[in-house]
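Taking it in order: structure first as structure tokens, then the write-up.
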Ligand SMILES: [Zn+2]
């Protein structure tokens, strides 16, 4: 113990993963990078098909033959676009988020189970997203120049609203959340919560294994709806108290440091810049696609064009949003180390997440594609922290005074 070496300790954790498991994790993770391109291609194709079908301009012509009905049109255009898009993209979604997960042993859910969950979430979100577009188009009509600013405020407000209602409206529809049962796990989480000003009455264990075998936990909600939830997969994969300490410390870090609010500020900036680009790109893309029946951005029939531009911008901004996310994750790790003081527990937990996030990517791959710092960097940070906080070297056991 006298010569604790953080680099060697990190290598020892990484060596817990057999070479075959490493190779599989790399194939899964790098294949996932390519899926981003596939998903963009499918989104663009779906939007193009909906544009070619002329369903939205026809709806507009029919409903507005007597008088303008901007609210009704924008609501229906959003509902129809989102529903058609959901159906057209379903085979791709099923491949990426169900079939591939099952192939890699990361899910054991049946297809019908997966489809039911997916349809449920889509159906519950649909009216909210449609209302967002009604408000968005109202802003574009009223403020033809400054709408990127107002729509960024709107997007931030919807994001906060979504974050607040997600644990009470969406999650209970697809998973069962139970308060952590009395026992050492609960006692530990409650004491950590009390020490860090986190409400301790909403600590749940949920049946995450229904959808995914991933070792995971999360914090969700806002103010009164905030809660910490541990997936039952943690316990199925043998999480001990030190691991739970490390993981819960990390999730509490997200809560205490208000990462949801910082995330909202980030979304505000991204949507504002994106809106400014849409103002400039919309006429170009419309001309390129020869969609002469579509008006300006304010025309809800142009929703497919809006989606083509935003899906492309979203993919291009992946390195930015991932860098933002990695900063929050690194901050949550620091919080866990400082306040839960379990560098080894955190590392044991992290190595279990490496099956779905290959632990040692190159720096460019990590910068562009990783929404968490790589597991090897995170464990190294924990081991560096451990080295810096070990205190004086303990007495050797051979010394008679050691007791
Ligand atoms: Zn996190």
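What to note about this one:
- Cα gyration tensor category, rounded, prolate or oblate, for the chain with a/c compared to 1.5: prolate
- Cα-based shape type of the stretch 242-306, given that a ≥ b ≥ c are square roots of the gyration tensor eigenvalues and the cut on a/c is 1.5: prolate
- Cα long-axis angle, helix 184-195 against the chain (0 to 90 degrees, to the nearest 10): 80 degrees
- Added length on full extension, which subtracts the Cα-Cα distance from 0.36 nm per residue, residue 123 to residue 314: 66.4 nm
- Added length on full extension, which subtracts the Cα-Cα distance from 0.36 nm per residue, residue 207 to residue 83: 41.8 nm
- Convex hull (Cα only) mean projected area of the stretch 258-403, reported in nm² to one decimal: 13.1 nm²
- Relative contact order (%) - criterion: Cα under 8 Å, at least six apart; region: the chain: 24 percent
- GNM remark for the chain: springs join alpha carbons under 10 Å apart, and the peak mean-square fluctuation among 228, 185, 219 falls on 185.
- In this simple spin-label approximation, residue 53 and residue 153 carry label points 7 Å from Cα along the Cα→Cβ vector, and these lie 3.5 nm apart.
- Counting neighbouring Cβ atoms within 10 Å and putting the fewest first, the residues 381, 24 line up as 24, 381.
- Two-decimal Rg to Rh for the stretch 133-225 - Kirkwood Rh, Cα set: 1.16
- Simple spin-label estimate for residue 102 and residue 360 in nanometres, 7 Å along Cα-Cβ: 3.4 nm
- Label separation (residue 27 vs residue 168): 4.6 nm, computed from points 7 Å beyond Cα along the C-beta direction.
- Looking at the chain alone, DSSP beta bridges between its own residues are antiparallel in about 65 percent of cases.
- Modelled FRET efficiency - R0 22 Å, residue 289 with residue 94, Cβ distances, 0.05 increments: 0.20
Values in this text are rule-based calculations from the coordinates and carry no lab data. Remember, it's a predicted structure, so these values are computed and weren't measured experimentally. In this analysis, Cβ positions are derived from the backbone assuming ideal geometry, glycine residues included, and neighbour counts consider all displayed protein chains.
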